[in-house]
Amino acid sequence: VCWSTSEGPTIADSKTANSTGTGMFASSITGLTAGTTYYARAYAMNSIGTAYGNQVSFTTPAAIAATLTTVATSSITSTTAISGGNVTNDGGATVTARGVCWSTSEGPTIADSKTSDGGGTGTFSSSLTALASATKYHVRAYATNSVGTAYGNEVDFTSMALLPTVTTIGASAI
């Protein structure tokens, strides 16, 4: 099968290669762009040349927001913690930014404190910094593609309290 975004695709365009002989066959077309119309047709080659089947067209679904989850918070101190996420589906458009956002209010967004951990799909880890001690925080992973920003599930944690400062002075009046 050969395909193109222009009508009348030929083997000079993108194509698959199946086995030889006659009969029915199926081809998987990969690497398509979301929200794009493609034209495709079967082809067969022999010693005389290349023959093409009838042309069909299809439109790939428009991109959607990415799908992701938030990783539970760990290594919690009075001022730092570690979280992260897993972008499991880019929604048909490249994830250009990902990280975690946090706030003392529910539903944190990228307008709140956030990390920037590159782009793409898969797992990532983030370091949350400048936390206040003994404070409850709400954390969500985020991923941004051309459709917008999607958020993972919200996880909560409380930063550790600071230990009191104690000074021992020498004994007197013994």
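The values are calculated or read from the model by the stated rules, or taken from the named source; none is laboratory data. These numbers were taken from a predicted model, which means no experiment stands behind them. As a convention, Cβ positions derive from the backbone with ideal geometry for all residues, glycine included, and neighbour counts pool all protein chains shown. Protein only, heavy atoms only, side chains kept; ligands, DNA and RNA dropped before computing areas. Shrake-Rupley method; radii C 1.70, N 1.55, O 1.52, S 1.80 Å.
Worth pointing out:
- Scan of the stretch 75-90 for residues that are within 15 Å of the chain's Cα centre (by Cα) and assigned to a strand (DSSP E or B), ordered by number: Gly84, Gly85, Asn86, Val87, Thr88, Asn89
- Subset of the stretch 68-78 that is of a type in the set (A, V, I, L, M, F, W, C) and open to solvent by 30 Å² or more (accessible area, probe 1.4 Å) - its residue that is nearest to Pro9 (Cα to Cα): Val71
- Residue check for Ala173: small (Gly, Ala, Ser) and either surrounded by 13 or more Cβ atoms within 10 Å (Cβ to Cβ) or in contact (Cβ under 8 Å) with a residue 12 or more places away in the chain (or both): no
- Filter result (surrounded by fewer than 19 Cβ atoms within 10 Å (Cβ to Cβ) and either of a type in the set (S, T, N, Q) or more than 19 Å from Leu131 (Cα to Cα) (or both)) within the stretch 79-90: Thr79, Thr80, Asn86, Thr88, Asn89
- Matching residues, the stretch 32-58, being within 28 Å of the chain's Cα centre (by Cα), of a type outside the set (S, T, N, Q) and within 12 Å of Ser4 (Cα to Cα): Leu32, Tyr38, Phe58
- Listed by first and then second residue, the pairs with beta-carbon distance under 9 Å, at least 6 apart or on different chains, first residue in the stretch 1-24 and in a loop (DSSP other than H, G, I, E, B), second open to solvent by less than 70 Å² (accessible area, probe 1.4 Å) and of a type in the set (Lys, Arg), are Val1/Arg41; Gly8/Arg41; Pro9/Arg41; Thr10/Arg41.
- Of all residues in the stretch 37-61 being loosely packed, with under 13 Cβ neighbours inside 10 Å and assigned to a loop (DSSP other than H, G, I, E, B), the one that is modelled with the lowest pLDDT: Pro61
- Restricting Ala66, Ala62, Ala93, Ala72 to residues that are under 30 Å from Ala132 (Cα atoms) and under 28 Å from the mean Cα position of the chain (by Cα) narrows the list to Ala72.
- Residues located in the stretch 155-170, provided they are touching a Ser or Thr at 6+ places or on another chain (Cβ under 7 Å), surrounded by fewer than 16 Cβ atoms within 10 Å (Cβ to Cβ) and within 19 Å of Thr70 (Cβ to Cβ): Thr158
- Selection of the stretch 106-121 for residues being closer than 11 Å to Tyr142 by Cα and out of contact with any Lys or Arg (no Cβ under 7 Å at 6 or more places or on another chain) yields Thr109, Ile110, Lys114, Thr115, Ser116.
- Hits in the stretch 1-30 - residues which are over 19 Å from Thr60 (Cβ atoms), open to solvent by 60 Å² or more (accessible area, probe 1.4 Å) and among the hydroxyl-bearing types (Ser, Thr, Tyr): Ser19, Thr20, Thr22
- Enumeration of residues in the stretch 96-152 that are in a loop (DSSP other than H, G, I, E, B), hydrophobic (A, V, I, L, M, F, W, C) and crowded, with 19+ Cβ neighbours inside 10 Å: Leu131
- Criterion: open to solvent by 30 Å² or more (accessible area, probe 1.4 Å), part of a loop (DSSP other than H, G, I, E, B) and under 30 Å from Thr16 (Cα atoms) - qualifying residue of Ala93, Ala65: Ala65
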